[in-house]
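In what follows, a structure is listed as structure tokens, so that the remarks can point back to it.
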Amino acid sequence: MPAAPRRPRLAAAAIEASAAPYLVPAQYATSAAIGSDGAESPILDDKESPTEKDKATRVKYGELVILGYNGFLPPGDRGRKRSKYVLYKRHDPNGVKRSKHYVVKTPHNSQAILDSQQHSISYTLSRNQAIIVEYMPDEETDMFQIGRSSESPIDFVVVDTVAGEKTGDSGKVVQSTISRFACRILAERANPSVARIYAAGFDSSRNIFLGEKATKWQEGRDIDGLTTNGILLMHPQGSFCGGDSEPGVWREVSVCGGIYSLRESRSAQKKGRAVSTLHVEEVTNVLQDGTLIDLCGATLLWRSAEGLEKSPTKDYLENLVDKLNAGRPVCPVGLNTLVIPRKSSYTGPDGSADKQQPYVYLNCGHVQGSHDWGHEKNSHSRTCPLCHKVGPVQKLCMGIEPAFYVDAGPPIFFAFNPCGHMATEKTVKYWASVMIPHGTNAFESFCPFCATPLEGFPGYIRLIFQDNVD
Ligand SMILES: [Zn+2]
Ligand SMILES: [Zn+2]
């Protein structure tokens with residue numbers, strides 16, 4: 001195929017004028033004289049962090065909440081690294097949409113890649129052939145990017161979640177599996193209930209590179225691909241808030257927002273089948289209230305602004321704890337009053353627990369204080385003094401992150417086994433039924449408050465308190 005004549009670099013206005021998507025691919029000659037990486041990180045002007053006053057008046061699209069943090073990221077929620085991220089309508093739109101594409105020989109030297117103001121996605125087909133898709137500003141959408149990188153294009157920095165109690169030392173993750181630029185969300189400014197998710201995010205030079213090994217395919221004139229570990233989605237069936245929804249099927253979302261069945265393993269070369277050809281029901285990349293987004297290493301919950309309005313608030317949940325404590329539950333052995341903590345409770349320097357800290361016997365649900373009755377030596381098991389069932393015992397702690405609640409009550413509490421996080425019955429039962437990707441091939445249900453995999457069947461227990469009869 002003869003090389004086409006070199007095309008002049010298009011000015012921004014010209015790009016806009018020739019914005020018909022998918023022009024016939026033109027050979028785009030590149031100059032070897034241009035340095036391989038002259039791009040500087042652009043300064044993004046849309047990193048506004050709203051003041052409290054702002055928040056009340058601004059349009060909210062929704063919230064992304066990382067599973068496994070009970071409303072708090074140790075050592076503290078700071079900047080773009082926190083346990084949840086609220087997506088507000090931006091002052092100025094920063095969305096992008098596809099404009100045109102063409103074939104190049106060396107993507108790293110091509111004009112769209114070198115231009116750090118030009119958003120583009122490069123699909124490498126072979127050592128000397130790549131397709132570049134240029135993106136142009138879209139006044140109708142706001143873009144939010146999520147990933148492990150702390151570079152400026154990432155709005156919400158997410159690192160791998162370690163199961164269990166969070167103490168603030170993040171040295172446990174040996175090798176991260178979360179992509180630095182994992183995914184992007186585009187929300188419609190005129191219709192804030194519509195937010196779409198796409199795999200991969202633009203880097204500091206506003207590029208996305210899908211290398212030679214990445215899964216990609218061409219259908220007609222469209223090219224699309226998957227990222228290495230992929231972005232998996234699960235839309236709940238039915239309304240998340242109300243307590244009657246059921247988990248849906250996990251799917252994979254592509255770089256262009258297509259929905260596919262899961263690959264044989266997480267990073268397999270062969271993509272899954274297009275879901276629209278498999279099922280009658282429409283499955284899209286539009287986030288629903290309760291959609292789970294798995295980044296491979298951390299899982300995010302999407303709560304729509306509409307859904308959150310129907311959810312219990314943190315004040316409401318704290319009130320539930322206060323009411324329970326006002327009933328002055330007692331330990332049947334020590335007869336001392338127990339106090340349910342809202343946060344993970346204090347353990348003294350000598351390992352001694354607070355006398356008021358309640359414990360749950362995970363096989364029967366009886367709630368008691370700390371005592372040695374029924375404790376077998378060299379065993380984690382204890383005999384419950386009330387019913388004589390033998391099993392593990394765990395500290396109780398309130399699940400205080402409201403976004404994870406699927407209903408607001410009634411105040412009958414259940415706790416997850418083995419971590420002891422308490423929540424409403426429907427909330428605990430819902431999460432126990434959700435299988436979440438774990439590692440490269442496995443799925444398991446875990447506690448949304450601390451990400452500890454559930455044990456035994458059904459993975460939770462109804463709590464039985466001894467009311468103070470005095
Ligand atoms: Zn018991
Ligand atoms: Zn837990």
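Here residue 395 clears all of (1) loosely packed, with under 15 Cβ neighbours inside 10 Å; (2) within 16 Å of ligand 2 (Cβ to nearest atom) except the condition numbered (1).
For segment 369-394, filtering for residues that are out of contact with any His (no Cβ under 9 Å at 6 or more places or on another chain) and either among the hydrophobic types (A, V, I, L, M, F, W, C) or near ligand 1 (Cβ under 8 Å from one of its atoms) (or both) leaves 3. When the criteria are applied in full, residue 121 fails the requirement of being within 24 Å of the chain's Cα centre (by Cα) and either under 30 Å from residue 432 (Cβ atoms) or at pLDDT below 80 (or both). Only one of the numbered conditions (1) surrounded by fewer than 20 Cβ atoms within 10 Å (Cβ to Cβ); (2) more than 11 Å from ligand 2 (Cβ to nearest atom); (3) under 18 Å from the mean Cα position of the chain (by Cα) is violated by residue 406, and that is (1).
For segment 422-441, check the following and say yes or no: at least one residue is within 23 Å of residue 234 (Cα to Cα), touching a helix residue (DSSP H, G or I) at 6+ places or on another chain (Cβ under 6 Å) and outside the structural domain of residue 300 (by the TED database). Checked against the condition, which is being within 23 Å of residue 234 (Cα to Cα), touching a helix residue (DSSP H, G or I) at 6+ places or on another chain (Cβ under 6 Å) and outside the structural domain of residue 300 (by the TED database), segment 422-441 yields no hits at all. Only residues that are within 16 Å of ligand 1 (Cβ to nearest atom) and of a type in the set (Gly, Ala, Ser) were counted across segment 405-463, and they come to 3.
Does residue 365 satisfy the criteria of being within 30 Å of residue 239 (Cβ to Cβ) and either of a type in the set (Phe, Trp, Tyr) or within 11 Å of ligand 2 (Cβ to nearest atom) (or both)? First the steps, then the outcome.
Working: within 30 Å of residue 239 (Cβ to Cβ): yes; either of a type in the set (Phe, Trp, Tyr) or within 11 Å of ligand 2 (Cβ to nearest atom) (or both): no.
The answer is no for residue 365.
Quick check on residue 452: is it in the same structural domain as residue 336 (by the TED database) and away from ligand 2 (no atom under 16 Å from the Cβ)? Outline the logic, then answer.
Working: in the same structural domain as residue 336 (by the TED database): yes; away from ligand 2 (no atom under 16 Å from the Cβ): no.
In short, no.
Only one of the listed residues (113, 121) is in contact (Cβ under 8 Å) with a residue 40 or more places away in the chain, part of a helix (DSSP H, G or I), assigned by the TED database to the domain that holds residue 217 and surrounded by 21 or more Cβ atoms within 10 Å (Cβ to Cβ). That residue is 113.
A single entry from 89, 84 fulfils the requirement of being more than 26 Å from residue 225 (Cα to Cα), within 17 Å of the chain's Cα centre (by Cα) and among the basic types (Lys, Arg): 84.
Do we have residue 377 as within 16 Å of ligand 2 (Cβ to nearest atom), surrounded by fewer than 17 Cβ atoms within 10 Å (Cβ to Cβ) and not assigned by the TED database to the domain that holds residue 62 here? No; evaluated as a whole, the condition is false for this residue. Against the list (1) part of a strand (DSSP E or B); (2) surrounded by fewer than 18 Cβ atoms within 10 Å (Cβ to Cβ), the condition residue 101 fails is (2).
The strands (runs of 3 or more DSSP E) located wholly in segment 125-216 that include 2 or more residues which are of a type in the set (D, E, K, R) and under 24 Å from residue 234 (Cα atoms) occupy 183-188.
With respect to the conditions (1) among the hydrophobic types (A, V, I, L, M, F, W, C); (2) in contact (Cβ under 8 Å) with a residue 60 or more places away in the chain; (3) over 16 Å from residue 95 (Cβ atoms), residue 185 falls short on a single one, namely (3). Scanning segment 434-443 for residues that are within 16 Å of ligand 2 (Cβ to nearest atom) and at pLDDT 95 or above yields a total of 2. Please go through segment 302-320 and give me each residue that is closer than 23 Å to residue 414 by Cα and among the aliphatic types (A, V, I, L, M), ordered by number. Residues satisfying the conditions are 308, 317, 320. Check segment 414-432 and report whether any residue there is out of contact with any Phe, Trp or Tyr (no Cβ under 9 Å at 6 or more places or on another chain) and exposed (fewer than 15 other Cβ atoms within 10 Å of the Cβ). Among the residues of segment 414-432, not one is out of contact with any Phe, Trp or Tyr (no Cβ under 9 Å at 6 or more places or on another chain) and exposed (fewer than 15 other Cβ atoms within 10 Å of the Cβ), which makes the answer no. Annotation: residue 366 fulfils all but one of (1) at pLDDT 95 or above; (2) away from ligand 1 (no atom under 13 Å from the Cβ); (3) not aromatic (Phe, Trp, Tyr); the unmet one is (2).
The values are calculated or read from the model by the stated rules, or taken from the named source; none is laboratory data. What you see is a predicted model, and the numbers here were worked out from it, not measured in a lab. All Cβ positions, glycine included, derive from the backbone under ideal geometry; neighbour counts span all protein chains shown.
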